[in-house]
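Chemist: Before I ask anything, let me first share the structure, which is written out below as structure tokens.
Computed from the coordinates by the stated procedures, all read-outs in this text should not be read as laboratory data. Computed from a predicted structure; not experimentally measured. Note: ideal-geometry Cβ built from the backbone for every residue, glycine included; neighbour counts use all protein chains shown.
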Amino acid sequence: MVEFLIGLAATLAGIAFLLALWRFIKGPTPADRVIAFDVLTVISISGIVGIALVAGRAIYLDVALVYGLLSFLGVIVIARYLERRL
Amino acid sequence: MGSLYDVIGGLFLVAGTSFLLLGSLGLVRMPDIYNRIQAGTKATTLGTLLTLLGVAFLQPAWSLKLLLIGIFLIFTNPLSSQILARAAHRSGQGRLPASQVDRLAEDFGDES
């Protein structure tokens, strides 16, 4: 039961990742691509936490935290660059 | 832990990833850049928080670190979406021809 639910959740997250990746490739303006990048990083945080759950290793949660910090800084820097104020 | 906590955690996982899927679907289907920000950040924030809650039900020993990640997401995700919306407005990209009212440009005059 639990294994089936975890597999279903992984499938849904994979489909969400592919949809956001499609917007990342196709997006007409650079701001669309930055939004798609933001969504991709948030989905990736969920994915890393799910990998930590399946692997049973708590050290991967630190990886998710640092990944979220770096992706937040990256989105802020790209947004400042789009404003031409960097 | 008991089997009931496992089933509740699995249901929270499925609910959270469903919200992630809905957010990505809105990111693909919405016509305007501001609608995409709306769909792509709020729904994924809720989805990630529900996923973290589900993992906390499945592994109760990890609750403190998952709570730390959740608080970090609550602080940073609306901030990045607001800065993205401001950057899109100031760079003048992505306005639909059908959108007629622009209160921010009325407030600040001809910005950049």
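Chemist: Quick one: longest stretch of chain A between exposed loop trypsin sites (Lys or Arg not before Pro), exposed meaning at most 12 other C-beta atoms within 10 Å and loop per DSSP?
Modeler: Counting at most 12 other Cβ atoms within 10 Å as exposed, the longest clean stretch of chain A is A:1-56.
Chemist: By how many nm would the segment from B:Val101 to B:Asn35 grow when fully extended, if each residue of separation counts as 0.36 nm and the alpha-carbon distance is taken off?
Modeler: Separation in residues times 0.36 nm, less the Cα-Cα distance, equals 22.3 nm.
Chemist: On to the next question. Using a 10 Å cut-off around each Cβ, can you sort B:Arg29, B:Arg103 from fewest to most neighbouring Cβ atoms?
Modeler: B:Arg103, B:Arg29
Chemist: Moving on. Given just the C-alpha atoms of the protein assembly as shown, how large is their convex hull per residue in cubic angstrom?
Modeler: For the protein assembly as shown, the hull spanned by Cα atoms encloses 112 Å³ per residue.
Chemist: Continuing with the same structure: How large is the helix-only mean residue ellipticity at 222 nm for the protein assembly as shown, computed as the sum of -39500 (n - 2.57) over DSSP H runs with n ≥ 4, divided by its residue count, in deg cm²/dmol to the nearest 500? Walk me through the numbers before you get to the answer.
Modeler: Details: 7 runs with 162 residues, N = 198.
The helix-only estimate for the protein assembly as shown comes to -28500 deg cm²/dmol at 222 nm.
Chemist: Next up: Can you sort B:Met30, A:Met1 by how many other beta carbons sit within 10 Å, fewest first?
Modeler: If I rank by nearby Cβ atoms, fewest first, I get A:Met1, B:Met30.
Chemist: Within 10 Å of each residue's Cβ, count the other Cβ atoms and sort A:Glu3, A:Glu83 from fewest upward.
Modeler: So the ranking, lowest neighbour count to highest, is A:Glu3, A:Glu83.
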